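The values are calculated or read from the model by the stated rules, or taken from the named source; none is laboratory data. The structure displayed is predicted, hence computed values, not measured ones. A quick note on method: Cβ atoms are made from the backbone with ideal geometry, for glycine too, and the neighbour counts reach across all protein chains shown.
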Amino acid sequence: IILKCDSSQGLIDFVFPELQVRYQNAAYLIERAILAPKNKEVDTLNSEVLFQFSSEETTYYSADSIDQNSEIYN
């Protein structure tokens, strides 16, 4: 699908209609995607989508390996 939009918000609204209401529906979200050629555009679109939500930001960290000396490992 090629869509001519006047703004990135128009694109977001086209791909994610009713996002404010349906954002917690995983099935709704996994059926949609916006592809962009460069990470800069992806970052801009992500920021615009996230700006629409008023909840507090949460950061989740991950690890590539487990410290073998930790209590969790043993």
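Tell me which residues, restricted to the stretch 15-74, are assigned to a loop (DSSP other than H, G, I, E, B) and among the β-branched types (Val, Ile, Thr). If you could, list the steps in order and put the result at the bottom.
Residues of the stretch 15-74 that are assigned to a loop (DSSP other than H, G, I, E, B), as a first pass: 16-18, 23-25, 31-38, 52-74.
Hits for the stretch 15-74 are ILE34, THR58, THR59, ILE66, ILE72.
I'd like to know if the stretch 32-47 contains one or more residues that are surrounded by 11 or more Cβ atoms within 10 Å (Cβ to Cβ) and among the hydroxyl-bearing types (Ser, Thr, Tyr).
Going through the stretch 32-47, the residues surrounded by 11 or more Cβ atoms within 10 Å (Cβ to Cβ) turn out to be 32, 34, 36, 41-46.
Imposing the further condition that a residue be among the hydroxyl-bearing types (Ser, Thr, Tyr) reduces the set to 44.
Yes, the stretch 32-47 contains a residue that is surrounded by 11 or more Cβ atoms within 10 Å (Cβ to Cβ) and among the hydroxyl-bearing types (Ser, Thr, Tyr).
Does VAL42 satisfy the criteria of being of a type in the set (A, V, I, L, M) and free of Cβ contacts under 8 Å to residues at least 12 places away in the same chain?
Details: of a type in the set (A, V, I, L, M): yes; free of Cβ contacts under 8 Å to residues at least 12 places away in the same chain: yes.
It is true that VAL42 is of a type in the set (A, V, I, L, M) and free of Cβ contacts under 8 Å to residues at least 12 places away in the same chain.
Answer yes or no as to whether LEU11 is surrounded by 10 or more Cβ atoms within 10 Å (Cβ to Cβ) and at pLDDT 90 or above. Talk me through it step by step, then tell me what you get.
Working: surrounded by 10 or more Cβ atoms within 10 Å (Cβ to Cβ): yes; at pLDDT 90 or above: yes.
Criteria met by LEU11.
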